[in-house]
Amino acid sequence: MEEHIVIIGNGVSGVTAARHIRKLSDKKITIVSAETDYFFSRTALMYVYMGHMKFEHTQPYENWFWKKNRIALKKGFVNQVDTAAKTLHFAEGDTLQYDKLIIATGSKPNKFGWPGQDLDGVMGMYHKQDLESLEKYAPNKEVCKRAVIVGGGLIGIELAEMLHSRHIPVTFLVREESFWNGVLPAGESAMINREIIANGIDLRLASNLKEITADANGQVKSIIIQETGEEIACNVVGLTAGVSPNIDFIKDSDIETGRGVKVNRYLETNVPDVYAIGDCAEQYKGIDQRRPIEAVWYTGRMMGETLAQTICGNRLQYKPGHWFNSAKFMDIEYQTYGWVWAQTKDNEARFYWEHTDGNKCITLNYDKTTREFIGINTFGIRMRHEFFDKILTEKQSVDYVVEHLADANFDPEFYKLHEPAIVAKFNTENNTNIKLKNKSWKRIFA
Amino acid sequence: MNIVKQLGLVLFLIGLGIFTATLFTGNFSLTEAELNDFVASKGYKSEIIKAELKKATVTDEDLNIFEFSSRVRNAYAASNNHYDALIAKYDAEKNWDKKGEQFQYKIYGKPHTLSYEIAKKAGSGFVRDNPGLLWWLTFGLAILGALLFILPNLKLLGRPGIKHNGIYHESSTNRGWIAWLVLVYLVSFYLLLYFMADYVVNWTYILDPISEFLNGGQASQWFVYGFLYCVIMIVMAVRMYIKYRHNKYQIIRTTSVLFFQIVFAFLIPEIMTSLNMPGYDFKNAFPLDYDFFFEWNLDSLRESGAVGLFILVWGVVLTIVIVPVMVYFFGKRWYCSWVCGCGGLAETLGDPYRQHSNKSLNAWKLERWLIHSVLVFSLVMTLVTLYCYFSGAEAFLGIKSQWIKDTYSFLIGAWFAGVIGTGFYPIFGNRVWCRFGCPLAAYLGLVQRFKSRFRITTNGGQCISCGNCSTYCEQGIDVRAYAQKGENIVRASCVGCGVCSAVCPRGVLKLENGPENGRINSKDILLGNDVDLMDLVNQNK
Ligand SMILES: Cc1cc2nc3c(=O)[nH]c(=O)nc-3n(C[C@H](O)[C@H](O)[C@H](O)COP(=O)(O)OP(=O)(O)OC[C@H]3O[C@@H](n4cnc5c(N)ncnc54)[C@H](O)[C@@H]3O)c2cc1C
Ligand code: SF4
Ligand code: SF4
């Protein structure tokens with residue numbers, strides 16, 4: 001009998017692990033999920049509500065894929081893990097035996113104990129069920145006269161864009177002085193503030209939620225802002241103040257947990273044959289300068305790719321390379337490669353260029369003394385991942401990056417190129433005399 | 001703004017309504033003198049066709065086009081039946097000489113085409129008498145209405161950027177009843193145009209003045225089609241310009257298809273005709289231009305002196321040299337989404353329906369079977385035709401030249417490219433023909449897949465598998481399947497419309513022409529993951 005690998009969670013990390021285990025072996029694989037029958041892209045939930053796609057379009061694999069690859073799918077909610085008996089217990093009452101267990105249960109939206117946080121019409125935006133609930137309470141601007149979003153992160157701004165697409169007035173409560181300024185440097189954060197406001201969203205910076213009030217039917221009636229005491233009437237409240245690992249069901253097993261399931265660099269937990277990957281995994285210590293819990297799409301994928309090797313007999317460390325990420329703030333695309341912190345560190349210097357239209361900018365972060373390139377944030381200009389990955393590995397200087405910006409550019413053909421303006425500004429500020437090199441396929445593919 | 005939009009819609013529908021209603025107007029009859037002229041001009045040998053046509057068309061009754069057409073077709077049928085009966089009779093009597101003589105009296109041609117020619121002369125009434133007024137009431141109102149419907153998008157869509165909001169909530173773009181109505185209208189339009197041209201003869205009257213101005217002759221149903229094609233493309237290009245005002249690739253590409261349609265497909269052939277040359281669309285490459293090697297075309301080119309010879313050489317060079325060389329450097333997009341007329345309509349009128357192309361693996365399999373079969377079909381047809389043309393034989397390899405040409409024209413030229421290709425836009429997407437049927441696309445696709453510098457580069461590990469790219473790929477390519485693996489997209493069917501790149505919210509896709517080396521890069525591990533792991537997995541391949 002082949003070993004039975006059971007994966008809890010059919011998100012990107014669990015599914016990637018399953019696919020790669022299948023490629024490498026003939027092991028028996030079962031994926032368990034309580035959310036949906038088939039894997040879908042959480043990142044695309046917004047587009048379903050906005051009418052860009054149907055739910056079926058968010059599913060990267062056709063329904064026959066699972067059977068063909070002999071990956072069994074089981075719908076059910078695991079409420080207890082018995083590691084001694086290697087058995088999962090389901091809320092529905094049945095059980096499932098495993099030889100190796102992968103916990104890939106992802107996240108759940110944070111709730112901070114606000115009064116009224118469980119009323120009808122209050123929701124997070126994480127699971128498919130949240131989408132359904134939004135569709136119910138905010139189908140249009142007649143039913144939902146105003147929505148309030150609490151928490152200014154990536155999911156919050158997506159929710160704002162979603163509601164805005166159906167012309168529902170939105171008030172957006174952001175705890176910080178400026179949008180996402182714990183991550184973005186000031187200039188960029190200010191640009192996103194402008195973008196939010198330009199889309200007609202009522203942005204309230206430095207505002208916390210005090211409570212949510214109910215009407216006679218137990219439905220949301222209004223919210224009250226902590227700082228000002230102002231009451232804002234609304235029919236829907238979106239709670240998007242971050243996410244945390246979705247691991248309540250193992251809290252009383254003998255698997256060690258912190259905020260997430262604790263894992264070592266091999267993605268192994270303290271219990272043999274139990275592993276954790278994706279949003280719910282917590283490294284004992286952040287890798288490189290990454291956080292111990294990385295709740296992003298591609299890291300879940302990478303962990304799945306890596307763990308599959310370990311499970312199939314080639315024990316490998318999880319070694320994510322240079323940090324990168326991307327997002328989109330309404331109409332402004334954002335990419336980042338390497339590290340650009342909200343605040344400059346002692347050894348760092350910055351170069352900032354902003355287009356006169358106020359919708360495009362880049363920030364280069366580099367070492368003050370060695371001039372080694374540390375990272376870039378780019379808004380409204382697409383850049384080549386491969387280029388920066390190589391630059392970071394080779395530890396090139398910021399001057400080299402500026403000189404080769406044309407190689408880095410990834411905007412569609414015929415787009416106006418801003419590199420000359422960027423280089424000119426860089427030269428003036430740095431007293432350098434860098435000449436922009438023409439794009440070279442040879443360098444790009446070297 | 002919304003009011004302007006509503007008003008535009010109403011005006012458009014009125015224009016379209018009047019345009020459709022004109023089909024039912026007018027009286028059709030000939031005077032005896034007109035009939036005599038017509039019969040003489042056709043040189044019919046049949047001794048009874050004149051009497052039959054006289055009964056049918058020289059009348060005081062008020063006949064609409066449908067009654068008129070039916071009478072005319074009956075007249076031809078009566079004449080042909082008469083001689084068929086004689087043929088049968090002499091055949092029974094084994095009187096071969098007599099039998100042989102009868103064939104010259106038969107009149108060949110499709111009944112509706114014969115009827116069209118007479119109808120064009122026979123019509124009278126308000127439409128024919130007032131083409132200018134009618135132009136404004138139909139084309140004028142519809143264009144004005146459509147523009148009023150489209151222009152407010154500049155404000156209503158909000159700031160520049162991808163605005164696909166509500167596409168899957170609207171009946172018209174989500175296969176709802178409006179989409180089905182549009183399908184019925186389009187399909188009916190093509191059926192009439194291809195198979196019952198006499199029924200739309202009233203439309204030709206509306207455009208007679210414009211046709212006379214351009215080429216000196218009256219408008220035919222094909223002139224109506226060409227004119228309509230240009231008008232629709234211009235109006236829908238305005239929509240594209242607004243929708244993609246942030247995306248220069250889309251703007252330039254739209255301008256390019258528009259230019260080639262108006263100048264190359266429409267104006268140049270019209271002007272050539274007015275100069276007594278064969279009207280030729282210089283960008284229409286064989287085998288999309290499937291009748292290029294038909295006898296009538298070769299004859300007409302041979303009779304046209306230097307111009308004809310030039311066209312002949314150009315046509316051959318276009319297909320054998322220019323097309324593949326350009327595909328090598330730029331991908332098939334240079335033709336399919338920058339130059340081609342079918343592509344031009346698909347990218348303008350068809351843009352609202354691009355999301356309906358089927359992305360399943362089965363559809364891809366069907367695509368490869370179908371499109372390559374059509375390519376083989378077109379080549380076999382051409383081979384047979386050319387062989388017969390030069391040898392004087394009637395058949396080659398047991399295939400009759402006339403039969404295979406008729407079959408291809410009917411099945412592929414009319415049904416596949418027209419009725420299905422465009423008629424089914426609202427339900428099956430805007431590139432049904434280009435993806436499943438076009439033999440030129442099949443040819444370009446083979447070059448693109450195996451010998452080209454074009455690819456869509458995937459930006460490392462940035463893909464979040466959201467699926468926007470796959471949803472909006474009009475060619476039904478599951479772009480995400482490649483992008484999420486960090487793999488470049490190199491597919492025969494990609495027409496390089498650039499929309500996957502435009503809609504990607506993470507800047508993952510870029511259409512590029514670069515070195516062939518490393519163009520196809522199967523990767524299984526994301527860029528950024530453990531370098532050893534990447535090596536390991538990629539070596540195992
Ligand atoms: C709206 C939104 C937008 C996002 N956009 C981006 C983005 O642009 N870029 C990016 O990098 N990241 C984005 N993310 C984050 C990204 O989606 C997550 O990091 C990723 O989905 C995590 O994948 P996972 O496989 O770890 O877990 P999940 O996708 O959360 O999957 C876990 C699954 O396990 C199921 N499950 C949990 N507990 C149990 C149980 N006890 N029994 C049975 N089943 C259980 C859950 O229901 C869920 O289906 C976004 C997230 C959201 C919500
Ligand atoms: S893959 Fe992209 S560029 Fe090619 S046809 Fe599809 S959407 Fe257009
Ligand atoms: S649209 Fe972009 S991010 Fe989304 S699946 Fe396609 S390539 Fe990936």
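The values are calculated or read from the model by the stated rules, or taken from the named source; none is laboratory data. Since we're looking at a predicted model, the values are computed, not measured. Please note: Cβ atoms are built from the backbone with ideal geometry, for glycine as well, and neighbour counts cover all protein chains shown. Note: accessible area is taken over every heavy atom of the protein model, side chains too, but ligands, DNA and RNA are not part of it. Shrake-Rupley method; radii C 1.70, N 1.55, O 1.52, S 1.80 Å.
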Antiparallel as a % of all DSSP beta bridges within the protein assembly as shown, to the nearest 5? 60 percent
Cα-Cα over 19 Å, subset of B:Lys50/B:Lys121; A:Lys416/A:Lys439; B:Lys485/B:Lys510; A:Lys100/A:Lys128: A:Lys100/A:Lys128
Can you list the aspartates and glutamates whose alpha carbon sits under 17 Å from that of A:Lys285, skipping same-chain ones fewer than 8 residues off? A:Glu256, A:Glu268, A:Glu294
Could you work out, residue by residue across A:53-61, how many beta carbons of other chains sit within 10 Å of that residue's beta carbon, and then give the average as an integer? 5
The percentage of Cα-Cα pairs in region A:374-446 separated by more than 15 Å is 54 percent
Rounded to the nearest 5, the percent of DSSP beta bridges in chain A running antiparallel is 60 percent
The extension gain from A:Ala342 to A:Asp37, computed as 0.36 nm times the residue separation minus the Cα-Cα distance, is 105.8 nm
Arrange the residues A:Tyr275, B:Tyr108, B:Tyr199 by how much accessible surface each exposes, largest first, with a 1.4 angstrom probe. B:Tyr108, B:Tyr199, A:Tyr275
Computed Rg/Rh of region B:27-124, alpha carbon atoms with Kirkwood Rh: 1.04
Taking R0 as 41 Å, what FRET efficiency do you get between A:Thr356 and B:Val325 from their Cβ-Cβ distance, rounded to the nearest 0.05? 0.50
Can you work out the FRET efficiency for the pair A:Asp248 and B:Lys248, with r the C-beta to C-beta distance and R0 = 41 Å, to the nearest 0.05? 0.20
Nearest-10 value in Å² for the accessible area of A:Trp341, using the 1.4 Å probe: 50 Å²
Would you rank B:Leu397, B:Leu30, B:Leu16 by solvent-accessible area, highest first, keeping every protein chain in place and using a 1.4 Å probe? B:Leu397, B:Leu16, B:Leu30
Cα Rg, Dmax, region B:338-417, angstrom units: 16.7, 49
Fully extended contour minus Cα-Cα distance, from A:Ser397 to A:Asn110, at 0.36 nm per residue: 99.3 nm
Before anything else, pin down the relative contact order of chain B: Cα pairs under 8 Å, at least 6 apart, normalised by residue count, whole percent. 13 percent
In 5 Å bins starting at 0, how do the alpha-carbon pair distances of region A:324-445 split up by percent? 2, 11, 22, 26, 23, 12, 4, 0
Pairs of alpha-carbon atoms within less than 8 angstrom and 6+ residues apart define the contacts here; what relative contact order does region A:122-241 have, in percent? 33 percent
Please report the antiparallel percentage of DSSP beta bridges with both residues in region A:1-157, rounded to the nearest 5. 35 percent
Quote to one decimal, in nm, the extra length available between A:Arg315 and A:Lys75 on full extension: 0.36 nm per residue of separation minus the C-alpha distance between them. 83.4 nm
For region A:122-241, go through all pairs of different Cα atoms, get the mean of 1/r, take its inverse, and jot down that Kirkwood value in Å. 14.3 Å
What's the whole-number percent of alpha carbon pairs in the protein assembly as shown lying beyond 47 angstrom? 39 percent
Within 10 Å of each Cβ of A:384-394, how many other protein chain Cβ atoms are there on average? 3
Find the all-direction average of the projected area of the Cα convex hull for chain B, expressing the result in square nanometres with one decimal place. 29.7 nm²
Note: A:294-306 gets an average of partner chain Cβ contacts (10 Å, Cβ to Cβ) equal to 4
Subset of A:Lys210/A:Lys345; A:Lys368/B:Lys523; A:Lys145/A:Lys328; B:Lys45/B:Lys94 violating a 31 Å alpha-carbon distance limit: A:Lys210/A:Lys345; A:Lys368/B:Lys523
Tell me the label-point distance for the pair B:Val10, B:Asn517, using the 7 Å Cα-to-Cβ offset, in nm and rounded to one decimal. 6.7 nm
Would you check the accessible area of B:Tyr482, probe 1.4 Å, heavy atoms only, in square angstrom rounded to 10? 40 Å²
By accessible area of protein heavy atoms, probe 1.4 Å, what ranking do B:Tyr244, A:Tyr352, B:Tyr387, B:Tyr353 get, highest first? B:Tyr387, A:Tyr352, B:Tyr353, B:Tyr244
Report the accessible area of A:Asp82, computed with a 1.4 Å probe over the heavy atoms of all protein chains in place, in Å² rounded to the nearest 10. 50 Å²
Rounded to the angstrom and largest first, Cα extents along the principal axes for chain A equal 71, 60, 40
222 nm [θ] for chain B, helices only, -39500 (n - 2.57) per DSSP H run of 4+, per residue, to 500? -17000 deg cm²/dmol
